[in-house]
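Data first, discussion second: the structure below is written as structure tokens.
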Amino acid sequence: MSTTPRWLNADERRAWLAYVDFSTLLADHLNRQLRRDAGMTHADYSLLAYLSMAPEGTLGMSELAQRLKITRSRLTHAVNRLREVGLVDRREDPADGRGQLAFLTDRGRSLLEEVAPGHVEAVRRAVFDALTPEQVRQFADIGEAISAALVRAESTEADPAALPWRRR
């Protein structure tokens with residue numbers, strides 16, 4: 001049985017193309033800023049930032065993968081790479097002998113504290129300075145609604161690995 005595609009109307013197409021454009025440009029802008037100022041990617045910065053916000057700078061690997069919305073394999077590679085340069089480390093989870101904890105090292109915390117002001121300024125200039133306070137609230141509401149819908153839809157699929165952090 002063939003169904004007719006639900007094509008985007010003019011407003012939806014405009015919104016979608018605006019998202020594609022700004023998300024691509026923003027990712028490039030933030031990666032260039034962090035590479036220039038810290039020699040790291042935005043993905044690595046995000047990993048360090050999530051650890052810095054956690055109690056004692058420590059998170060379980062599965063929880064960290066979920067927060068970053070990446071596969072466990074990709075997280076393992078990232079943690080190993082950051083571990084080699086002394087920014088994070090891993091240890092066995094005492095509460096779960098099979099689990100691992102990632103934690104921010106003193107060197108990682110120092111680098112993050114050094115880099116964060118410039119990164120926040122880059123985000124502010126690229127995103128929030130272009131928006132009114134009402135648009136900021138709408139932007140947050142829209143992002144949260146889309147993320148929640150995607151997680152709900154993927155969680156109901158028969159495939160247990162539909163969400164990235166559930167994959168290896």
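The values are calculated or read from the model by the stated rules, or taken from the named source; none is laboratory data. Predicted, not measured: the structure shown is a model, and the values here were computed from it. Virtual Cβ from ideal backbone geometry, glycine too; neighbours counted across all protein chains shown.
Just one of (1) free of Cβ contacts under 8 Å to residues at least 40 places away in the same chain; (2) among the aliphatic types (A, V, I, L, M); (3) in contact with a Ser or Thr (Cβ under 7 Å, 6 or more places away or on another chain) fails for MET53. It is (3).
Looking only at segment 1-58, which residues are among the β-branched types (Val, Ile, Thr), part of a loop (DSSP other than H, G, I, E, B) and either in contact with a His (Cβ under 6 Å, 6 or more places away or on another chain) or loosely packed, with under 12 Cβ neighbours inside 10 Å (or both)?
At the first step, the residues of segment 1-58 found to be among the β-branched types (Val, Ile, Thr) are 3-4, 20, 24, 41, 58.
Next, from what is left, pick out any that are part of a loop (DSSP other than H, G, I, E, B): 3-4, 41.
Listed by number, the residues that qualify are THR3, THR4.
Of the residues making up segment 101-137, those that are in a loop (DSSP other than H, G, I, E, B) and surrounded by 15 or more Cβ atoms within 10 Å (Cβ to Cβ) are THR105, VAL127. Residues of segment 109-151 that are free of Cβ contacts under 8 Å to residues at least 12 places away in the same chain and in contact with a Ser or Thr (Cβ under 6 Å, 6 or more places away or on another chain): none at all.
Name the residues in segment 94-123 that are among the small types (Gly, Ala, Ser) and modelled with pLDDT under 95, would you? Before you say what the answer is, go through the steps one by one.
At the first step, the residues of segment 94-123 found to be among the small types (Gly, Ala, Ser) are 95, 97, 99, 102, 108, 110, 116, 118, 122.
Matches in segment 94-123: ALA95, GLY97, GLY99.
Note on segment 63-81: among residues that are surrounded by 16 or more Cβ atoms within 10 Å (Cβ to Cβ) and among the small types (Gly, Ala, Ser), the one that is modelled with the highest pLDDT is ALA78. Of all residues assigned to segment 84-93, at least one qualifies as being within 21 Å of LEU47 (Cα to Cα), under 18 Å from the mean Cα position of the chain (by Cα), in a strand (DSSP E or B) and at pLDDT 95 or above.
Check ARG137 against each of (1) within 17 Å of the chain's Cα centre (by Cα); (2) within 24 Å of LEU26 (Cβ to Cβ) and name the one condition it does not meet. Unmet for ARG137, out of (1) within 17 Å of the chain's Cα centre (by Cα); (2) within 24 Å of LEU26 (Cβ to Cβ): (1). What are the pairs, 6+ residues apart or on separate chains, where a residue within segment 85-98 that is within 14 Å of LEU51 (Cα to Cα) and among the basic types (Lys, Arg) has its Cβ under 8 Å from a residue that is at pLDDT 90 or above and not in a strand (DSSP E or B)? Here the result reads ARG90/MET61; ARG90/VAL79; ARG90/ARG83, each pair linking segment 85-98 to a residue that is at pLDDT 90 or above and not in a strand (DSSP E or B).
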